[in-house]
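Participant: The structure follows.
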Amino acid sequence: MSYRVLLFDIDGTLVRAGGAGKAALARALNELHAVENPYVDINFGGRTDQSITKELFELHGISWSPRVGQEFLDLYAHYFHEALAQRAPILLPGVRELLQRLQDDQRHLMGLLTGNIERCAQIKLDAFQLWPYFNFGGFGDHHEDRAEIAAEAFRRATLLHGAELRPHEVLIIGDTPADVRCARAIGADVLIVGTGPVAREAIDEAAPDFFHEDLSRLDDILGLLRTGRL
């Protein structure tokens with residue numbers, strides 16, 4: 001069985017942003033809400049930008065509303081571009097080679113499944129000229145729950161695929177137990193890579209369908225994508 005659709009997480013799966021997100025969040029909190037020395041050292045793994053924003057607002061005593069949250073995320077995205085340019089983001093092993101091979105092969109529809117708002121997702125991937133590899137995505141602009149983002153990505157994939165798409169023909173590629181949970185929510189399979197912030201024990205406990213240390217073993221990864229087994 002070949003997977004028809006591949007949905008890639010970004011942070012810890014394709015790239016690492018080198019702390020740019022925390023810097024941009026702190027700057028936005030300071031400018032919009034006059035928070036001096038904002039505390040932003042929270043868990044980011046597998047989170048959505050909306051859930052991170054709500055936690056930061058609660059920590060700093062800021063009232064949440066959709067309008068205030070959107071205003072904050074817009075400013076965060078503005079500062080994120082500058083923060084990333086001041087750091088040394090990392091392209092993770094095998095990523096460019098894998099995406100190029102998949103693009104050349106044209107057997108799979110490639111999309112994104114990320115808690116990032118779309119603007120920040122593009123900024124991160126543009127840093128390595130990766131954005132053009134992806135035809136569509138599910139992003140954190142409108143959803144706090146990652147499972148809802150997965151459902152949105154699946155709907156978009158179905159429209160682009162042009163034929164009935166079954167959940168088991170979709171593979172989510174991520175790095176945290178949150179990727180496993182959202183895969184289960186839509187009935188997709190999931191490949192977890194060990195390049196993120198989560199300990200192997202926690203990944204094993206989440207019981208992904210497949211695990212690789214990273215995406216550098218191209219022949220093994222491509223074999224999995226084409227056959228549905230390691």
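Participant: Stretched out fully, how many nm does the piece from ASP214 to GLN103 gain, at 0.36 nm a residue minus the Cα gap?
Facilitator: Between ASP214 and GLN103, full extension yields 38.0 nm more.
Participant: Return one number: the angle in degrees, 0 to 90 and rounded to the nearest 10, between the long axis of the Cα atoms of helix 177-186 and the longest principal axis of the Cα atoms of the chain.
Facilitator: It works out to around 60 degrees.
Participant: What residue among THR158, HIS81, SER216 has its Cα farthest toward the positive end of the dipole of the chain, where the charges are +1 on Lys, Arg and -1 on Asp, Glu, each on the Cβ?
Facilitator: Of the options given, the answer is THR158.
Participant: Still on this model: Kindly express, to the nearest 10 degrees and within the range 0 to 90, the angle between helix 66-85's C-alpha long axis and the longest C-alpha principal axis of the chain.
Facilitator: 80
Participant: Calculate, axis by axis, the spread of Cα positions in segment 134-230 along the three principal axes, and write the results as whole Å, longest axis first.
Facilitator: Its Cα atoms span 34, 31, 21 Å along the three principal axes.
Participant: Could you give the length gained on full extension between GLU55 and ARG67, defined as 0.36 nm per residue of separation minus the Cα-Cα distance, in nm?
Facilitator: Gain on extension, GLU55 to ARG67, equals 2.7 nm.
Participant: Give the Rg (one decimal place) followed by the Dmax (whole number) of segment 1-133, computed from C-alpha coordinates and expressed in Å.
Facilitator: Gyration radius and largest Cα-Cα distance of segment 1-133: 16.3, 54 Å.
Participant: Return a whole-number percent for the relative contact order of the chain, with Cα pairs under 8 Å and 6 or more residues apart as the contact set.
Facilitator: With pairs under 8 Å counted, the relative contact order is 28 percent.
Participant: Continuing with this model, one more query. So what's the back-of-envelope 222 nm ellipticity for the chain, counting only DSSP H runs of four-plus at -39500 (n - 2.57) apiece and dividing by all residues, rounded to 500? It would help to have the intermediate numbers written out before the result.
Facilitator: Numbers: 9 runs with 108 residues, N = 230.
One gets -14500 deg cm²/dmol as the mean residue ellipticity at 222 nm.
Participant: In Å², and per residue, what accessible area does the chain have when probed at 1.4 Å with the other protein chains present?
Facilitator: Values: 10540 Å² over 230 residues.
I get 46 Å² per residue for the chain.
Participant: Report, to the nearest 10°, how far helix 95-105 tilts away from the longest principal axis of the Cα atoms in the chain, using its own Cα long axis and a range of 0 to 90°.
Facilitator: 50
Participant: Any idea what Rg and Dmax come out to for segment 67-202 if you just take the C-alpha atoms, in Å?
Facilitator: Taking only Cα atoms of segment 67-202, I get Rg and Dmax of 15.5, 45 Å.
Participant: List residues of segment 94-115, by number, whose backbone nitrogen lies under 20 Å from a label position 7 Å along Cα→C-beta of HIS168.
Facilitator: Correct set: 108-109.
Participant: Follow-up question, since we're still on this one. HN-Hα J couplings of segment 142-148 from phi, Karplus 6.51/-1.76/1.60, θ = phi - 60°, integer Hz, Gly and Pro as x?
Facilitator: So the J values, rounded to whole Hz, are 10, 9, 8, 8, 5, 5, 5.
Participant: Suppose the chain between ASP74 and LEU91 were pulled fully straight at 0.36 nm per residue; how much longer would it get relative to their current alpha carbon spacing?
Facilitator: Computed gain between ASP74 and LEU91 is 3.6 nm.
Participant: Can you give me the convex hull volume of the Cα atoms of segment 5-54, divided per residue and expressed in Å³? Before the final figure, lay out the partial values.
Facilitator: Values: hull volume 4.5 nm³, N = 50.
For segment 5-54, the hull spanned by Cα atoms encloses 90 Å³ per residue.
Participant: So what is the relative contact order for segment 67-148, in percent, with contacts set as C-alpha pairs under 8 Å and at least six apart?
Facilitator: So the answer I get is 32 percent.
Participant: Considering only protein heavy atoms, what is the solvent-accessible area of LYS54 at a probe of 1.4 Å, reported in Å² to the nearest 10?
Facilitator: Approximately 70 Å² for this residue.
Participant: Express the relative contact order of segment 185-230 as a whole percentage, based on alpha carbon pairs under 8 Å and six or more residues apart in sequence. The partial results should precede the final answer.
Facilitator: On the way: 34 pairs, mean separation 16.4, N = 46.
About 36 percent, as a whole number.
The values are calculated or read from the model by the stated rules, or taken from the named source; none is laboratory data. These figures come from a predicted structure and were not determined experimentally. As a convention, Cβ positions derive from the backbone with ideal geometry for all residues, glycine included, and neighbour counts pool all protein chains shown. Accessible surface is based on the protein model in full, side chains and every heavy atom, while ligands, DNA and RNA are left aside. Shrake-Rupley method; radii C 1.70, N 1.55, O 1.52, S 1.80 Å.
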